[in-house]
1. From the residues in the stretch 129-149 that are in contact with a Ser or Thr (Cβ under 8 Å, 6 or more places away or on another chain) and modelled with pLDDT of 80 or more, which one is nearest to Leu72 (Cα to Cα)?
2. Search the stretch 125-144 for residues that are free of Cβ contacts under 8 Å to residues at least 12 places away in the same chain and pair each with any residue that is of a type in the set (Phe, Trp, Tyr) when their beta-carbon atoms are under 6 Å apart and the residues are at least 6 apart or on different chains.
3. Which of the residues belonging to the stretch 54-89 are modelled with pLDDT of 95 or more, farther than 19 Å from Asn186 by Cα and among the acidic types (Asp, Glu)?
4. Given the options Glu49, Glu82, Glu108, Glu62, name the one that is more than 16 Å from the chain's Cα centre (by Cα) and not polar (S, T, N, Q).
5. Identify all residues within the stretch 85-103 that are in a strand (DSSP E or B) and touching a Gly at 6+ places or on another chain (Cβ under 9 Å); write none if there are none.
6. Within the bounds of the stretch 93-110, is there any residue that is at pLDDT 90 or above, over 23 Å from Arg195 (Cβ atoms) and out of contact with any helix residue (DSSP H, G or I) (no Cβ under 8 Å at 6 or more places or on another chain)?
7. Filter the stretch 157-166 down to residues that are in contact with a strand residue (DSSP E or B) (Cβ under 9 Å, 6 or more places away or on another chain) and either acidic (Asp, Glu) or at pLDDT 95 or above (or both), then give me how many there are.
8. Filter the stretch 148-174 down to residues that are within 19 Å of Thr110 (Cα to Cα) and of a type in the set (D, E, K, R) and give me whichever is surrounded by the most Cβ atoms within 10 Å (Cβ to Cβ).
Amino acid sequence: MLGPIAHATAQDVPIPTPRPSLGQLSINQVNALSAVNAYFNGIRTLQGEFLQIGPDPNEVAEGEFYVARPGLLRLNYDPPSELVMISNGETLSVEDRGRGTQNFYRLERTPLAPLLAQYTDLTSEENVRDIILDSEEFIIVVLSTADDGGWLTLYFDRETYELKQWVTTDSRGNTITFMMFETALNQPVDAANFRIVNQALGLDNND
């Protein structure tokens with residue numbers, strides 16, 4: 001089990017303002033943004049434990065996560081949840097083994113697409129919807145995501161530039177906060193974690 005929640009919750013996610021003009025940032029702000037961009041795009045694999053909140057603030061789940069860029073993700077939720085979420089680079093599978101359901105989505109149409117992309121430029125006005133650099137704890141970058149009007153908010157540690165959490169927000173304002181703990185950066189991850197099996201057909205849905 002994870003310790004006390006120490007980071008921002010879904011209720012704190014910023015509402016994007018009009019796209020910033022990066023030319024109006026100070027030298028210190030530009031340097032900070034460049035540093036988190038370098039860290040973010042240096043992530044090839046990331047794994048550890050997570051705590052998830054939302055969309056209802058009372059909905060709290062924990063588990064293990066695995067990321068391998070580009071495109072690969074696995075979330076194993078701890079009991080009593082029986083949820084497993086897997087991306088194989090093209091398809092995102094959300095399987096609830098307790099209910100016997102499995103839904104599939106095109107990864108490129110989900111808010112996770114820029115997180116799992118091989119490269120997402122956090123210094124580009126084309127990608128960035130908002131930048132918040134006045135937080136004492138985080139450097140916050142808000143990204144445009146799928147064409148459904150939602151967005152993805154990334155929280156980087158103010159001192160180390162490490163990615164600490166992300167928040168997905170849909171077009172109706174519903175948020176899911178994903179906090180990471182005990183993380184290991186750029187360590188080997190078993191490729192078998194990212195294999196999707198279509199449970200209804202018994203087929204391996206992978207390239």
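The values are calculated or read from the model by the stated rules, or taken from the named source; none is laboratory data. As the structure is a computational prediction, the values presented were derived from the model and not from experiment. Every residue, glycine as well, gets a Cβ built from its backbone with ideal geometry; the counts of neighbours run over all protein chains shown.
1. Step one: list which residues in the stretch 129-149 are in contact with a Ser or Thr (Cβ under 8 Å, 6 or more places away or on another chain), which gives 129-130, 140-143, 145-146, 148-149.
Now restrict to residues that are modelled with pLDDT of 80 or more: 129-130, 140-143.
On the way: Arg129: 25, Asp130: 26, Ile140: 23, Val141: 22, Val142: 21, Leu143: 19 Å.
Result: Leu143.
2. Hits for this filter: zero, empty list.
3. Passing the criteria: Glu62, Asp78.
4. On the way: Glu49 fails: more than 16 Å from the chain's Cα centre (by Cα); Glu108 fails: more than 16 Å from the chain's Cα centre (by Cα); Glu62 fails: more than 16 Å from the chain's Cα centre (by Cα).
From the options Glu49, Glu82, Glu108, Glu62, the qualifying one is Glu82.
5. Correct list: Ser87, Asn88.
6. Among the residues of the stretch 93-110, not one is at pLDDT 90 or above, over 23 Å from Arg195 (Cβ atoms) and out of contact with any helix residue (DSSP H, G or I) (no Cβ under 8 Å at 6 or more places or on another chain), which makes the answer no.
7. So the answer is 6.
8. Asp170
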